[in-house]
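Comments concern the structure below.
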Amino acid sequence: MKSNAIPKHVAIIMDGNGRWAEKRSLPRSVGHIAGVKNIDIITDYLFNLGVNTLTLFAFSTENWNRPINEVDGLLLLFKNYLIEKVPDLIKKNIGFNVFGDISFFDEETQSLIQQYSLVNSDKCLNICFNYGGRSEIIRAINSFVDKSCVSEAELRSALYTKNLPDPDVLIRTGGEHRISNFLLFQIAYSEIYFIDTLWPDFSTDELQNILNDYAITDRRFGKI
Ligand code: IPE
Ligand code: IPE
Ligand code: MG
């Protein structure tokens, strides 16, 4: 039996907000608000446990194809999160990064994000917003146009995750068994958990069950 103890890096595809609201005959936006509340609970739990890096998928490059009012609501929730919640994280000495193309945000928001990303800490929360795994890889490749050969280490250094370790655990809530363009390069050896619970209902008990299972998983990395 192996003991992986606490994962260093946990990544989560937070899916199911819309269905959570629809089940209650509420607008999908209410589901997104409930989803943001759960971010605080799950984030606190994981950092208190000793996880160093947490990467959350909040808005994909494909999510622009949703109705404009839903997209606008998500953009506003994200901006509010940056203004109202991130300063508390920084106070707790947790670093904060946004992975994705942030150039569509207003200048004030962009400079806020850049300011946050200067915080140097061994713990960090990464929010993937306007993020796609394919665009991340294409962006990295384009940064090497003058090179004829690129090493794995060089490619890694051009990804948003840079020097962070790969996720040990990837969790997707909401019942779908797919990756939906998340961290395509980095999850090569992640332990993947697909959970039926919709994100706003995903509890620390369920999270702890996953971590207990992870702790006894035999991670072979191709060896025997
Ligand atoms: C995840 O919840 C949040 C985003 C993708 C923005 P969804 O909004 O995808 O919720 P469902 O999958 O429709 O229930
Ligand atoms: C994945 O959820 C993206 C996020 C959680 C941000 P989606 O709801 O967009 O994924 P699909 O459409 O079911 O693949
Ligand atoms: Mg979804």
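Overall shape of the stretch 1-116 was characterised from the C-alpha gyration tensor. The equivalent ellipsoid obtained from it has semi-axes of 25, 20, 13 Å, in decreasing order. Cβ-Cβ distance of Asn209 and Ser151, R₀ of 35 Å, FRET efficiency by 1/(1 + (r/R0)^6): the value works out to about 0.35.
How many percent of the alpha carbon pairs in the stretch 163-224 exceed a separation of 14 Å? The answer is 62 percent, as a whole percent. Using alpha-carbon pairs under 8 Å, 6+ residues apart, how would you state the relative contact order of the stretch 8-101 in percent? With pairs under 8 Å counted, the relative contact order is 30 percent.
Evaluate the relative contact order of the stretch 129-208 (contact order divided by residue number), counting alpha-carbon pairs under 8 angstrom at least 6 apart; express in whole percent.
Numbers: 74 pairs, mean separation 25.1, N = 80.
Computed over the stretch 129-208, the figure is 31 percent.
Backbone N atoms of the stretch 14-32 closer than 20 Å to the 7 Å Cα→Cβ label point of Glu62 belong to residues 14-20, 32.
At most 13 other Cβ atoms within 10 Å and a DSSP loop assignment: could you name the trypsin sites (Lys or Arg not before Pro) in the stretch 89-148 that fit?
On the way: sites: Lys91, Lys92, Lys123, Arg134, Arg139, Lys147; in loops: Lys92, Lys123, Lys147.
Listed in order of number, the matching sites are Lys92, Lys147.
According to the square roots a ≥ b ≥ c of the eigenvalues of the Cα gyration tensor, what is the shape class of the stretch 48-144, taking rounded for a/c under 1.5, prolate for a/b larger than b/c otherwise, and oblate for the remainder? Cα axes put the stretch 48-144 in the oblate bin.
For the chain, what does the accessible surface come to per residue with a 1.4 Å probe? Please give it in Å². Write out the running numbers ahead of the final one.
On the way: 11770 Å² over 224 residues.
About 53 Å² of surface per residue is accessible.
Candidates Val36, Leu46, Asn97 compared by Cα position along the dipole of the stretch 1-118: farthest toward the positive end lies Leu46, with charges placed on Cβ.
Past the 30 Å Cα-Cα mark, which pairs from Lys23/Lys79; Lys8/Lys85; Lys92/Lys223; Lys79/Lys162; Lys23/Lys162; Lys147/Lys223?
Where the Cα-Cα span goes over 30 Å, the pairs concerned are Lys92/Lys223; Lys23/Lys162; Lys147/Lys223.
The apolar share of the surface of the stretch 145-222, taken as the fraction of accessible area on carbon and sulfur atoms (1.4 Å probe, ligands and nucleic acids excluded), comes to 49 percent.
Each Lys and Arg Cβ is given +1 and each Asp and Glu Cβ -1; about its Cα centre, the stretch 64-140 then shows a dipole of about 300 debye.
Taking the Cα centre of the stretch 143-224 as the origin, how large is its charge dipole in debye, to the nearest 20, when only Lys and Arg (+1) and Asp and Glu (-1) carry charge on their Cβ atoms?
Values: 8 positive and 13 negative charges, 85 e Å.
Around 400 debye, computed over the stretch 143-224.
Charges only on Cβ, +1 for Lys and Arg, -1 for Asp and Glu: so what's the dipole of the chain about the Cα centre, in debye to the nearest 20? Intermediate results must be reported in sequence, preceding the final value.
Values: 23 positive and 28 negative charges, 68 e Å.
About 320 debye.
Just check the stretch 1-56 against the gyration tensor rule for me: Cα atoms, a ≥ b ≥ c as the square roots of the eigenvalues, rounded for a/c under 1.5, and otherwise prolate or oblate depending on whether a/b exceeds b/c. Present the calculation step by step, with values, prior to reporting the outcome.
Details: a/c = 3.49, a/b = 2.52, b/c = 1.38.
Prolate.
Of the residues His9, Ser25, Phe59, the one whose Cα sits farthest towards the positive end of the charge dipole of the chain is His9 (charges of +1 on Lys and Arg Cβ, -1 on Asp and Glu Cβ, taken about the Cα centre). Note: relative contact order over the stretch 56-120, using C-alpha pairs below 8 Å and six or more positions apart, is 28 percent. Restricting the chymotrypsin sites (Phe, Trp or Tyr not before Pro) of the stretch 122-224 to loop positions (DSSP other than H, G, I, E, B) with no more than 10 neighbouring Cβ atoms within 10 Å leaves Phe221. Along the chain, the exposed loop sites are GluC sites (Glu not before Pro) outside DSSP states H, G, I, E and B with at most 15 other Cβ atoms within 10 Å, and the longest stretch free of them is 63-175.
Distance from the alpha carbon centroid of the stretch 25-73 to that of the stretch 84-99 works out to 15 angstrom.
The values are calculated or read from the model by the stated rules, or taken from the named source; none is laboratory data. Worth saying up front: this structure is predicted, and the values here are computed from it rather than measured. When we count neighbours, we look across all protein chains shown, and the Cβ atoms used for this are built from the backbone with ideal geometry, even at glycine. These area figures cover heavy atoms from the full protein model, side chains too; ligands, DNA and RNA do not enter into them. Shrake-Rupley method; radii C 1.70, N 1.55, O 1.52, S 1.80 Å.
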